[in-house]
Amino acid sequence: MKRTIRDLAAFGGAPEFAEPLVLGKPGVGNRQRLFTLLGEALDRGWLTNGAPLAGQFERQVAEVAGTRHAVLTCNATVALQLAIRALGLTGEVIVPALTFAATAHAVSWLGLRPVFCDVHPVTGQLDPAHAESLIGPETSAILAVHLWGNPCAIGELEELAARRGLALLFDAAHAFGCTWRGKPIGGFGSAEVFSFHSTKFVNSFEGGAIVTDDDALAGRAVALRNFGITGPDEVSHVGTNGKMHEASAAMGLTSLAELERFRERNRRNYQVYRKGLASVAGVRLIEFDEREQHNYQYVVILVDEEITGLSRDELARLLYAENVVTRRYFYPGCHTMAPYATAQPLPNRLPNTEDLAARCLALPTGAAATPQQARKVAELVGFLAESGREVTARLTPVRGDLMTT
Ligand SMILES: *Cc1c(COP(=O)(O)O)cnc(C)c1O
């Protein structure tokens, strides 16, 4: 516990943690079970193309999502692309700018144009009113994100998409195992996409899934995932190779078996952070509605520099010195990334996105932090926020030396 700012590692004190607390440590589950499944796959000699472990994982994913279909893929980026192709989207797709780059890249890689939409200033979720103002003659769809695992404005977006004749797709990479109005995330819009990347709530090393109740859409996605093959010696579409192999499915099954344990572990950390940060001025935690199910995979704070005297980046740097590795999820806004930046002046092109992107910081949780460690991190954040002005007065401003991802 730091008592004065001289105790901070940035000023020569001992780091709060001897070993780095990282973010996104994989939730593996029972290692022996994983090895057994891998051994069985090797014994079968059937490692991909409709092999049994992928089939089993597919059924379990559909069950969690409450959908008729799950189409497993090698990752969520490819799943988004398959869904976009299977839906026949063209022209422009409205996406939030406050998200991981993959949301926009999936659209752009297919030769469509992502049109960046602002978000709600408090929740960070796609703003349906701004989305409506961006609809033009070329718009074919809205691709919304359940940011940080909180459901986005699903009801309003469904109404908007129906009224304007647009397809609605959800990037649910953060929202596996979550609900909206008691119904699992997965069954909304035309389709939703999960990620099972190793840093996500449930992991399959790399992996993703399209989930949907639409039989025809699922059928097209299955064909597109496998080179557009629709029957023996029959290729009906320009497809790609987006299949999930058995080693990934084995990891996915092993990880998914621990879903409720992971949820509980994450929830405990979230509650520790919530309690620890409740009275810290200038630090707001992204909260989860306790009436819904969440996976609590991200603990995200928003730093108000005017109150703390400390910018988000300065806070991240001070925490890093204490061996607390944080991530700026999500900075910068996609609309400012090189492939998408236009001549339009910044800042304030998407004011809420730019504000939240400048203030958000994800703290260690999941497999990386015990509740005791989370309590210490919360205490540290509280101490730094409260002594922010004193700290910045002593800091040599060194910017741009933070982590790059
Ligand atoms: C992780 C992530 C993706 C990409 O997932 P991959 O499985 O790594 O391709 C897409 N969208 C969001 C919002 C993500 O966080």
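The values are calculated or read from the model by the stated rules, or taken from the named source; none is laboratory data. None of the values given here were measured: they were computed from a predicted structure. Virtual Cβ from ideal backbone geometry, glycine too; neighbours counted across all protein chains shown.
Select from segment 191-242 the residues that are part of a helix (DSSP H, G or I) and either in contact with a Gly (Cβ under 8 Å, 6 or more places away or on another chain) or within 16 Å of the ligand (Cβ to nearest atom) (or both) and list them in ascending order.
Kept after step one, since they are part of a helix (DSSP H, G or I), are these residues of segment 191-242: 215-225.
Ala221, Ala223, Leu224, Arg225, listed by residue number.
What are the pairs with Cβ atoms under 7 angstrom where one residue, in segment 1-20, is touching a residue at least 40 places away in the same chain (Cβ under 8 Å) and crowded, with 16+ Cβ neighbours inside 10 Å and the other, located anywhere, is among the hydrophobic types (A, V, I, L, M, F, W, C) and in a loop (DSSP other than H, G, I, E, B)? Sequence gap at least six, or different chains.
Lys2/Leu8
For segment 216-252, enumerate the residues that are within 12 Å of Thr73 (Cα to Cα) and charged (D, E, K, R).
Residues satisfying the conditions are Arg225, Lys243, Glu246.
If you take the residues in segment 99-115 that are among the aliphatic types (A, V, I, L, M) and part of a loop (DSSP other than H, G, I, E, B), which one is surrounded by the fewest Cβ atoms within 10 Å (Cβ to Cβ)? Give the steps one after another, and end with the answer.
Within segment 99-115, the first condition is being among the aliphatic types (A, V, I, L, M), and the residues that meet it are 101-102, 104, 106-107, 110, 112, 115.
Filter once more, so that each one left must be part of a loop (DSSP other than H, G, I, E, B): 110, 112.
Working: Leu110: 15, Leu112: 21.
Once the filter is applied, the top-ranked residue is Leu110.
When you go through Pro20, Pro96, Pro15 one by one, which is the residue that is within 30 Å of Ala316 (Cα to Cα) and within 16 Å of the ligand (Cβ to nearest atom)? Even if it seems obvious, please write down each step before you answer.
On the way: Pro20 fails: within 16 Å of the ligand (Cβ to nearest atom); Pro15 fails: within 16 Å of the ligand (Cβ to nearest atom).
So the residue among Pro20, Pro96, Pro15 that is within 30 Å of Ala316 (Cα to Cα) and within 16 Å of the ligand (Cβ to nearest atom) is Pro96.
May I ask you to verify whether Trp109 is modelled with pLDDT of 95 or more and within 12 Å of the ligand (Cβ to nearest atom)? Steps first, answer last, please.
On the way: modelled with pLDDT of 95 or more: yes; within 12 Å of the ligand (Cβ to nearest atom): yes.
Judged against the criteria, Trp109 is a match.
Take the residues in segment 168-183 that are in a strand (DSSP E or B) and under 28 Å from Thr139 (Cβ atoms), then tell me which one is farthest from the ligand (Cβ to nearest atom). Working first, answer last.
Of all residues in segment 168-183, those in a strand (DSSP E or B) come to 168-171, 179-180, 183.
Adding the requirement that they be under 28 Å from Thr139 (Cβ atoms) leaves 168-171, 180, 183.
Details: Leu168: 16, Leu169: 12, Phe170: 10, Asp171: 5, Trp180: 17, Lys183: 21 Å.
Per the criteria, the residue is Lys183.
Output the qualifying pairs, or none if there are none: Cβ atoms under 7 angstrom, residues six or more apart or on different chains, first residue in segment 202-226 and at pLDDT 95 or above, second residue among the polar types (S, T, N, Q) and assigned to a helix (DSSP H, G or I).
From residues that are at pLDDT 95 or above, the pairs are Val202/Ser255; Asn203/Ser255; Ser204/Ser248; Ser204/Ser255; Phe205/Ser248; Glu206/Ser248; Gly207/Ser248.
Take Gly24 and decide whether it is on the phi > 0 side of the Ramachandran plot, surrounded by 15 or more Cβ atoms within 10 Å (Cβ to Cβ) and under 28 Å from the mean Cα position of the chain (by Cα).
Spelling it out, Gly24 is indeed on the phi > 0 side of the Ramachandran plot, surrounded by 15 or more Cβ atoms within 10 Å (Cβ to Cβ) and under 28 Å from the mean Cα position of the chain (by Cα).
I'd like the residue in segment 147-167 that is surrounded by fewer than 24 Cβ atoms within 10 Å (Cβ to Cβ) and in a loop (DSSP other than H, G, I, E, B) and, out of all such residues, is nearest to the chain's Cα centre (by Cα).
Asn150
I'm trying to understand the selection: among the residues of segment 286-341, which are of a type in the set (Phe, Trp, Tyr) and not in a helix (DSSP H, G or I)? I'd like the intermediate steps shown before the answer.
From segment 286-341, those of a type in the set (Phe, Trp, Tyr) are 288, 296, 298, 320, 329-331, 340; that's our starting set.
Those that are of a type in the set (Phe, Trp, Tyr) and not in a helix (DSSP H, G or I): Phe288, Tyr296, Tyr298, Tyr329, Phe330, Tyr331, Tyr340.
For segment 196-243, enumerate the residues that are acidic (Asp, Glu) and more than 14 Å from Ala54 (Cβ to Cβ).
If we filter segment 196-243 for residues that are acidic (Asp, Glu), which is where we start, we get 206, 213-215, 233-234.
Selection gives Asp213, Asp214, Asp215, Asp233, Glu234.
May I ask you to list the residues in segment 32-88 that are away from the ligand (no atom under 16 Å from the Cβ), assigned to a loop (DSSP other than H, G, I, E, B) and either touching a strand residue (DSSP E or B) at 6+ places or on another chain (Cβ under 7 Å) or aliphatic (A, V, I, L, M) (or both)?
Leu47, Ala51, Gly66, Thr67, Leu87, listed by residue number.
Only residues that are among the aliphatic types (A, V, I, L, M), buried (at least 20 other Cβ atoms within 10 Å of the Cβ) and assigned to a helix (DSSP H, G or I): list them for segment 243-266, please.
Of segment 243-266, the ones among the aliphatic types (A, V, I, L, M) are 244, 247, 249-251, 253, 256-257, 259.
Narrowing further to those that are buried (at least 20 other Cβ atoms within 10 Å of the Cβ): 244, 249-251, 253, 256.
Correct list: Ala249, Ala250, Met251, Leu253, Leu256.
Test Pro184 against the stated conditions and say whether it is crowded, with 24+ Cβ neighbours inside 10 Å and closer than 14 Å to Glu292 by Cβ. Can you show your working first?
On the way: crowded, with 24+ Cβ neighbours inside 10 Å: no; closer than 14 Å to Glu292 by Cβ: yes.
So Pro184 does not fit the description; no.
Are there any pairs, at least 6 apart or on different chains, whose C-beta atoms fall under 8 Å, with the first in segment 82-110 and touching a residue at least 40 places away in the same chain (Cβ under 8 Å) and of a type outside the set (A, V, I, L, M, F, W, C) and the second assigned to a helix (DSSP H, G or I) and away from the ligand (no atom under 12 Å from the Cβ), and if so, which?
Taking only residues 6 or more apart or on different chains, the pairs are Arg85/Arg220; Arg85/Leu224; Pro96/Thr353.
Is it the case, given these coordinates, that Ser140 is over 30 Å from Arg284 (Cα atoms), in a helix (DSSP H, G or I), of a type outside the set (Phe, Trp, Tyr) and touching a residue at least 24 places away in the same chain (Cβ under 8 Å)? If you could, list the steps in order and put the result at the bottom.
Values: over 30 Å from Arg284 (Cα atoms): yes; in a helix (DSSP H, G or I): no; of a type outside the set (Phe, Trp, Tyr): yes; touching a residue at least 24 places away in the same chain (Cβ under 8 Å): yes.
Answer is no for this residue.
Can you pull out the residues in segment 187-199 that are farther than 17 Å from Ala167 by Cα and either buried (at least 24 other Cβ atoms within 10 Å of the Cβ) or touching a helix residue (DSSP H, G or I) at 6+ places or on another chain (Cβ under 6 Å) (or both)? I'd like the intermediate steps shown before the answer.
First, pick out the residues of segment 187-199 that are farther than 17 Å from Ala167 by Cα: 194-199.
Once the filter is applied, which keeps residues that are farther than 17 Å from Ala167 by Cα and either buried (at least 24 other Cβ atoms within 10 Å of the Cβ) or touching a helix residue (DSSP H, G or I) at 6+ places or on another chain (Cβ under 6 Å) (or both), segment 187-199 yields Phe194, Ser195, Phe196.
Report yes if some residue within segment 300-315 is surrounded by 23 or more Cβ atoms within 10 Å (Cβ to Cβ) and within 16 Å of the ligand (Cβ to nearest atom); otherwise report no.
yes
Answer with yes or no whether Pro128 is within 29 Å of Arg291 (Cα to Cα), modelled with pLDDT of 95 or more and in contact with an Asp or Glu (Cβ under 6 Å, 6 or more places away or on another chain).
So Pro128 fits the description; yes.
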